[in-house]
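Student: Can you keep this structure in mind? I'll have questions shortly.
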Amino acid sequence: MAEILRRLNQKGILEFRNFLGSLRQGSKLPVPKELLTDPSTSLKLPKSPSVENHLFKTKLEMVRYLDEVLQGFSFSQIDQDVGLWSWLSLYYFDQLCLKTRSGQWLCNQDYRYILDLDDRRYYRHLMAGPYSVFKLHKDRAPLLMAGPLYHLNRFYEEIFSRKGLMANPGVIEAAHLLYFDPKGGKPKRGGASRIQKPGGLRRFIDVVQQLDLTYDLYSMKGEEVVALLPQEFDVWRAQPDSNGRPADS
């Protein structure tokens, strides 16, 4: 069922925050969806598009849908709208938060649902962060958008925790070329391993940060950045097989 898009006001955000706190204390309260439409907790937008509670398979599906819904707004009008993104998080809460069979919500930190404008937390919001990345990187975004709504993958977390990398189109495109399996539509297996592997994500970050001292990576295309990488990255340069593994692994 469609709902007219609104924004939570200060009271609505406080009640949403209290709800999140209660979940971390073990509460099994229902999601307070009444906050979405109650005039005492939410406000109308200047324009009134509607949203539907589609079931999204990945964050990429979500941000593409939101891009259609929000096309009447400029990015600068909405990117720091705490009330809007908090409203959207509440509306899609059942997709942003895991729930156990016993009915217990596995709630993350508040900033995953209530937009925090602090630079260290902004991109960790489960909706505003991915939407901003999509607006910035478009066709380079699938690697970063892989996975369900309630989880930001390691490619996203590792790259966007570093200011010097997150806005660099050549670096983002290079990571996409190396670690995304276009046939399977998902990241190549093992690319973002927590164990530092030759040519893996952690090495990629270390190497491009070193290269950035010598080269103007910001002005380069992804293919040019990839060409600068040492031999250890050859396994990731290869086309993946049907199982999402590099062909020569």
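The values are calculated or read from the model by the stated rules, or taken from the named source; none is laboratory data. All figures in this text were calculated on a predicted structure; none of them were measured in a lab. So basically every Cβ, Gly included, is an ideal-geometry build from the backbone, and we count neighbours across all protein chains shown. The area values use the complete protein model at the heavy-atom level, side chains included, leaving out ligands, DNA and RNA. Shrake-Rupley method; radii C 1.70, N 1.55, O 1.52, S 1.80 Å.
Student: Out of PHE204, PHE160, report the one residue that is within 17 Å of SER132 (Cα to Cα) and of a type in the set (Phe, Trp, Tyr).
Tutor: Exactly one of PHE204, PHE160 is within 17 Å of SER132 (Cα to Cα) and of a type in the set (Phe, Trp, Tyr), namely PHE160.
Student: Quick one: in the range 110-168, which of the residues that are among the hydroxyl-bearing types (Ser, Thr, Tyr) and at pLDDT 90 or above is farthest from TYR92 (Cα to Cα)? Lay out the reasoning, then the answer.
Tutor: To start, the set of residues in the range 110-168 that are among the hydroxyl-bearing types (Ser, Thr, Tyr) comprises 111, 113, 122-123, 131-132, 150, 156, 161.
Next, only the ones that are at pLDDT 90 or above stay: 111, 113, 122-123, 131-132, 150, 156.
Working: TYR111: 15, TYR113: 10, TYR122: 18, TYR123: 18, TYR131: 14, SER132: 18, TYR150: 10, TYR156: 21 Å.
The selected residue is TYR156.
Student: While we're looking at this one, here's another question. Farther than 18 Å from PHE160 by Cβ and out of contact with any Cys (no Cβ under 9 Å at 6 or more places or on another chain), is that true of LEU84?
Tutor: Answer is yes for this residue.
Student: Using beta carbons and a limit of 6 Å, which pairs, at least six apart or on different chains, have the first residue in the range 146-175 and within 22 Å of GLN109 (Cα to Cα) and the second one surrounded by fewer than 16 Cβ atoms within 10 Å (Cβ to Cβ)?
Tutor: Here the result reads TYR150/LEU98, each pair linking the range 146-175 to a residue that is surrounded by fewer than 16 Cβ atoms within 10 Å (Cβ to Cβ).
Student: Would you pick out the residues in the range 122-151 that are open to solvent by 10 Å² or more (accessible area, probe 1.4 Å), hydrophobic (A, V, I, L, M, F, W, C) and out of contact with any Asp or Glu (no Cβ under 8 Å at 6 or more places or on another chain)?
Tutor: Of everything in the range 122-151, those that are open to solvent by 10 Å² or more (accessible area, probe 1.4 Å), hydrophobic (A, V, I, L, M, F, W, C) and out of contact with any Asp or Glu (no Cβ under 8 Å at 6 or more places or on another chain) turn out to be LEU136, ALA146.
Student: Also, quick follow-up: Could you check how many residues of the range 169-205 are among the β-branched types (Val, Ile, Thr) and modelled with pLDDT under 85?
Tutor: Qualifying residue count for the region: 1.
Student: I would also like to ask the following. Among the helices (runs of 4 or more DSSP H) confined wholly to the range 1-103, which include 1 or more residues that are free of Cβ contacts under 8 Å to residues at least 60 places away in the same chain and over 20 Å from the mean Cα position of the chain (by Cα)?
Tutor: Where helices (runs of 4 or more DSSP H) fall fully within the range 1-103 and carry at least 1 residues being free of Cβ contacts under 8 Å to residues at least 60 places away in the same chain and over 20 Å from the mean Cα position of the chain (by Cα), they are 10-24.
Student: Report the residue count in the range 152-186 for those that are open to solvent by 50 Å² or more (accessible area, probe 1.4 Å) and hydrophobic (A, V, I, L, M, F, W, C).
Tutor: 1
Student: While we're here: Within the range 222-240, is even one residue closer than 30 Å to TYR113 by Cβ, at pLDDT 90 or above and open to solvent by less than 40 Å² (accessible area, probe 1.4 Å)?
Tutor: No; the residues of the range 222-240 include none that is closer than 30 Å to TYR113 by Cβ, at pLDDT 90 or above and open to solvent by less than 40 Å² (accessible area, probe 1.4 Å).
Student: Still on this structure: So if I check each of GLU3, GLU34, GLU15, which one is under 20 Å from LEU126 (Cβ atoms), open to solvent by 60 Å² or more (accessible area, probe 1.4 Å) and either touching a helix residue (DSSP H, G or I) at 6+ places or on another chain (Cβ under 8 Å) or at pLDDT 95 or above (or both)?
Tutor: Criteria check complete, one pass: GLU15.
Student: Suppose we keep only residues that are touching a strand residue (DSSP E or B) at 6+ places or on another chain (Cβ under 8 Å) and of a type in the set (Phe, Trp, Tyr) within the range 124-174. Which one would you say is nearest to ARG189 (Cα to Cα)?
Tutor: It comes out as PHE155.
Student: Go through the range 125-182 and give me each residue that's in a loop (DSSP other than H, G, I, E, B), within 26 Å of SER219 (Cβ to Cβ) and not basic (Lys, Arg).
Tutor: Once the filter is applied, which keeps residues that are in a loop (DSSP other than H, G, I, E, B), within 26 Å of SER219 (Cβ to Cβ) and not basic (Lys, Arg), the range 125-182 yields ALA141, SER161, ALA167, ASN168, PRO182.
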